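Visitor: Take this structure, written in C-alpha cells, and hold onto it; I'll ask about it next.
Any read-out appearing in this document is the output of simple, stated calculations on the displayed coordinates, not a laboratory observation. The structure displayed is predicted, hence computed values, not measured ones. Here Cβ is always computed from backbone atoms with ideal geometry, including for glycine, and neighbour counts include all displayed protein chains.
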Amino acid sequence: MRELFVIEKPNSSFGEEIKKIRTNLMFSKVDDDMKVIMITSSIPGEGKSFISSNLAAAFAQANENTLLIDCDLRRGRVKKIFNIPPEEKGLSDLLINKQWKDEYSDYIQKTDINKLSIIISGSYPPNPSELLASSRFGELLRELKTKYDFVILDCPPVIGLNDALVVGKKADISVLIANYRKTSMEVLEKSKNELDKMGVKLAGIILNEKETTENKYYYYNSYYRE
C-alpha cells in the first residue's frame, strides 16, 4: 500500500491536508446527510484514484464505516493500490448480476485498514456508461447508504466521457481533482461547467501534486467550499 500516504505517513503535510478535506466533507454530512461522495478529475493522470483511496482511508481512520467503489470501469486503479488480484470480480460484474440484491455483499472486499472496504472495478465491460447510468446502480447506492457512513466513488475523468456526469447525479456531493502540473484553467472550467450543466453538486476542488518544502513526493491539497 505504498500509495496510501495517509496510513504510512499520517503526520506528513499530505496526511494533514487530507484530514482537513475529510473534516470539511464530514461537516457537509451534518447539514445534509451527505454520504455518497464522487471523486473525479478533468483528464487522466491527475491523481483521482490516489486521492480517492487516501480520502477513504482517512474516513476509516476517523472511525467512519467507509466503502470505496472503483467506478472507473475502463481503467480502474483501486485494485492496484490495494493489491487486489485483477481477476477478482467487481462493480461491472455486480451490475450485470440479476441476483445482485441478494449477492452484492459478495463483491465487497475487506482491506487491512479497519472500517474500510472496497469494491474494485471488475471486468472491462463494452458499455460502462450504460451500467453506471442504470437504475440498478442507483438502487445499489441507496442500499449501501444504509450500511455505511460514507461511500466514496472513484470515477473517470469528465472530459471526453459521460461516466462521471451520470454518476455525479447519483452522488450526494462531488469533488474535482486538479493537477498543479498539468491541469489548465481552461480545462478545469470546462469540467466544472459540464458538471454544473448536469446539476452535479460540486463541493470543491482539490489541488494535487504541488510540491512542498518538506518532501518533493508529498502533495499539497486545497479544498474550496462553494
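Visitor: Under a point-charge model restricted to the Cβ atoms of Lys and Arg (+1) and Asp and Glu (-1), what is the dipole moment magnitude of the chain relative to its Cα centre, in debye to the nearest 20?
Guide: Approximately 120 debye in magnitude.
Visitor: Applying the Karplus parametrisation 6.51 cos²θ - 1.76 cosθ + 1.60 with θ = phi - 60° to the phi angles of region 81-93, what ³J(HN,Hα) value in whole Hz is obtained for each residue in order, glycine and proline being reported as x?
Guide: 4, 9, 6, 9, x, x, 7, 5, 6, x, 4, 4, 5
Visitor: Answer with one residue from 67, 108, 126: the one whose Cα lies farthest towards the positive end of the charge dipole of the chain, charges on Cβ with Lys, Arg +1 and Asp, Glu -1.
Guide: Result: 126, furthest along the dipole toward the positive end.
Visitor: Which lysines does residue 201 reach when only Cα atoms under 19 Å apart count, and residues fewer than 8 places away in its own chain are ignored?
Guide: Within reach: 29, 35, 48, 145, 169, 170, 190, 192.
Visitor: Note the listed values [x] 8, 34, 38, 18, 2; [y] 8, 32, 35, 18, 6, 1, 0; [z] 8, 36, 39, 15, 1, 0, then indicate which one is P(r) over Cα pairs in 10 Å bins from 0, in percent calculated from this particular structure.
Guide: Of the labelled values, this structure produces [z].
Visitor: Provide the per-residue ³J(HN,Hα) series for region 114-126, in order, calculated from phi with Karplus coefficients 6.51, -1.76, 1.60 and θ = phi - 60°, each as a whole number of Hz, with x at glycine and proline positions.
Guide: Using θ = phi - 60°, the values come out as 4, 6, 10, 10, 9, 10, 6, 6, x, 5, 7, x, x Hz.
Visitor: Using packing as a proxy for protection, rank 51-61, 192-202 so that the peptide with the highest average count of other Cβ atoms within 10 Å comes first.
Guide: My ranking of the peptides, most packed first, is 51-61, 192-202.
Visitor: Residue separation times 0.36 nm, minus the C-alpha to C-alpha distance between residue 190 and residue 114: what's the value?
Guide: 23.6 nm
Visitor: Would you compute, from DSSP H runs of 4+ residues alone, the mean residue ellipticity of the chain at 222 nm, taking -39500 (n - 2.57) per run and dividing by the full residue count, rounded to the nearest 500?
Guide: Computed ellipticity for the chain at 222 nm equals -10500 deg cm²/dmol.
Visitor: Pull up all non-local amide H partners of residue 208: gap of 5 or more, or a different chain, and H-to-H distance under 5 Å with H placed in the peptide plane.
Guide: 178, 179, 180
Visitor: Another question, then. By the gyration tensor of its Cα atoms, with a ≥ b ≥ c the square roots of the eigenvalues, what is the shape of region 72-142: rounded for a/c under 1.5, prolate for a/b over b/c, or oblate?
Guide: Oblate, because a/c is 1.5 or more while a/b does not exceed b/c.
Visitor: So, one more: Considering only 151, 36, 187, give the residue with the highest GNM mean-square fluctuation for the chain, with springs between Cα atoms whenever their separation is below 10 Å.
Guide: Comparing 151, 36, 187 in a Gaussian network model of the chain, the most mobile one is 187.
Visitor: Provide the net charge surrounding residue 86, with neighbours chosen by a C-beta distance below 15 Å and charges set as Lys +1, Arg +1, Asp -1, Glu -1.
Guide: +1
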